[in-house]
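A quick write-up on the structure given underneath.
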Amino acid sequence: MKTKTFIVIGLLCSCMAMVAQEKKAKDSLQKKKIQVVDSIVGTQISGDFPKVVVATNVKDTVVYSLDDIIEARTIDSLWLNELKRTGRFEEMYGAMLAETYEPVPYEELSTEVLKERLAALNAKTPFNVEYNPALESVIKGYLKNRRRTMARLMALSDYYFPLFEETLDKHNLPLELKYLAIVESALDPRAQSPVGAKGLWQFMFATGKIFGLDVNSYVDERNDPIMATEAASAYLKSLYTSLQDWDLALAAYNSGPGNVAKALRRAGGYTNYWNIRHHLPRETAGYLPAFLATMYIFEYAEEHGFKSEGPMYPYIATDTVHVKKMITLEQVSKVTQVDLGELEFLNPSYKLGIIPVIKDETYVLRLPVEALGKFVANEDAIYSFAEEEFNEREKPLPKFFESSDRIRYRVRSGDFLGKIANKYGVSVSKIKRWNNLRSDRLRVGQRLTIYPRKPAASTTTQTNSVADSNAKKTYTVKSGDSLWSIAQKFPGVSVDKIKKWNDISGNNLKPGMKLKIHKG
């Protein structure tokens, strides 16, 4: 019988070390007697290599799936890291509420050039893209103050826009509606507004139900990009059918048809959005200008020096497989060796990281195409592996996936993210997200917030936690506050940090609420 082994070596190892370790692993495997069975078997490879977790008898081949090597965890995709940052949604939402529409000095774009470009846009779109000083203020404000955010959104759009355009075209809707998802969610599939709207297209619970988006303990279909885009297309089509004006349809999408109807009555017969705008809720009043400003910047990105590096893989380079038995994204990550963060990005509708199997429901797993083939070829063995892990875990199942214990870890000499991640059973990408880290660099003495999946308590850690408790203050939420606006008040503080410090899962705040703010 021929045994094929695939060993992933950390990219930081030297070529000589790679050869030596590979030989060591091969010698070790030759000494082991691996029994090939129809389900999962486990054996330990000697040396520093991880455990073999999958073996399946596909003819004469034994297929092994290896856990990630510690050093490899230090190499995260910068692009993927941006995908998982949630602050961009808070920034977009906060900017709309705080917009002043005062003139913004921006010499790189003259008023005359802007008027010409808006006229060109107006000629090729059903939206009313006419120049006015308020729109000029928003456009120049974005160009001057939000270049970095817009560049990130352009990279994300390379993944999402093909999906949006395909669905919009199927429903005979204007393709420019794709820009609406940027205004709604900043292309964050798990975005949640202060009033509870969720997903790329920000559906409220009841509206989502009306348009076929189911929500249960495991799955929130409002977060599913494909299903939510279908629902948004149906909703937008119905609004346009009723109002016969795209500007008003967008306003109704944001605040509901009732608010638009009241604004029309209060405007005394005017029907142009810009004439009724001051009768709309504040968020909706800034909604269409934000949409048109986003459209302008994307359409004239090259003229303003924006260049997207694109996604690590396009949407068309992914595909889905129907899930036949309950499995977790973490288990899928183990057997396909796709980063867990990537799987969470590709499958945002699974609230607990668990893909359930429910009667009369069909749930799918989205994977990069090369990993999909690996999954399908070893499907029975993978499900057996998942079932064996589930049977070993403490019940109830969801409790296992969300640890309420938080520790504060003090970085010591010789530490790196992969080492710390392995110590606590978490991924590098999660540590970076919890601590708003933009690179893999650590400094001695730096404090990290970690939600461990396995215990690793020490005297040092406990001492750090006591010291950290003295380095924080309390902020009282005021009327009109949002997580984003509060984060702006404290240098080095992000929305994600405030959420973690206060165990907040959504974005809802109430006046008088006390928030813990760490001084860093």
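Odds and ends about this structure:
- Contact map, the stretch 427-449: residues that are more than 20 Å from Phe345 (Cα to Cα) paired with residues that are open to solvent by 60 Å² or more (accessible area, probe 1.4 Å), Cβ distance under 6 Å, separation 6+ or inter-chain. Pairs shown: Val444/Ser413; Arg447/Arg410; Thr449/Lys500.
- Members of the stretch 309-334 that are open to solvent by 10 Å² or more (accessible area, probe 1.4 Å) and assigned to a helix (DSSP H, G or I): Tyr315, Ile316, Ala317, Glu330, Ser333, Lys334
- For the stretch 362-395, the tally of residues that are part of a loop (DSSP other than H, G, I, E, B) and open to solvent by less than 80 Å² (accessible area, probe 1.4 Å) stands at 3.
- Look at the stretch 406-424: where a residue is closer than 15 Å to Thr449 by Cβ and a partner is among the hydroxyl-bearing types (Ser, Thr, Tyr) and modelled with pLDDT under 80, sitting 6+ places away or on another chain with Cβ atoms under 6 Å, you get Arg406/Tyr451; Ile407/Thr461; Arg408/Ser465; Leu417/Thr74; Ala421/Ser427.
- Conditions (1) exposed (fewer than 15 other Cβ atoms within 10 Å of the Cβ); (2) at pLDDT 95 or above; number of the one not met by Ser242: (2)
- Just so you know, in the stretch 467-482 the residues that are open to solvent by 40 Å² or more (accessible area, probe 1.4 Å) and not in a loop (DSSP other than H, G, I, E, B) include one that is modelled with the lowest pLDDT, and it is Ala467.
- No other residue among Ala234, Ala228, Ala206 is open to solvent by less than 10 Å² (accessible area, probe 1.4 Å) and farther than 18 Å from Tyr287 by Cβ apart from Ala228.
- Neighbours by Cβ (under 7 Å, 6+ apart or cross-chain): first from the stretch 137-161, more than 24 Å from Glu107 (Cβ to Cβ) and open to solvent by 10 Å² or more (accessible area, probe 1.4 Å); second modelled with pLDDT under 90 and among the charged types (D, E, K, R): Arg152/Glu82; Arg152/Arg88; Ala155/Glu82; Ala155/Glu309
- From the options His278, His304, residue that is farther than 28 Å from Ser193 by Cα and of a type outside the set (D, E, K, R): His304
- When the residues of the stretch 174-192 are filtered to those that are open to solvent by less than 20 Å² (accessible area, probe 1.4 Å) and hydrophobic (A, V, I, L, M, F, W, C), the one that is nearest to Glu342 (Cα to Cα) is Leu187.
- For the stretch 193-203, the candidate set comprises residues that are under 22 Å from Phe345 (Cα atoms) and of a type in the set (A, V, I, L, M); within that set, the residue that is surrounded by the fewest Cβ atoms within 10 Å (Cβ to Cβ) is Ala197.
- Looking only at the stretch 483-499, residues that are assigned to a helix (DSSP H, G or I) and open to solvent by 20 Å² or more (accessible area, probe 1.4 Å) come to 6 in all.
The values are calculated or read from the model by the stated rules, or taken from the named source; none is laboratory data. Since the model is a prediction, treat every value here as computed from it, not as a measurement. Every residue, glycine among them, receives a Cβ derived from its backbone with ideal geometry; neighbour counts consider all protein chains shown. These area figures cover heavy atoms from the full protein model, side chains too; ligands, DNA and RNA do not enter into them. Shrake-Rupley method; radii C 1.70, N 1.55, O 1.52, S 1.80 Å.
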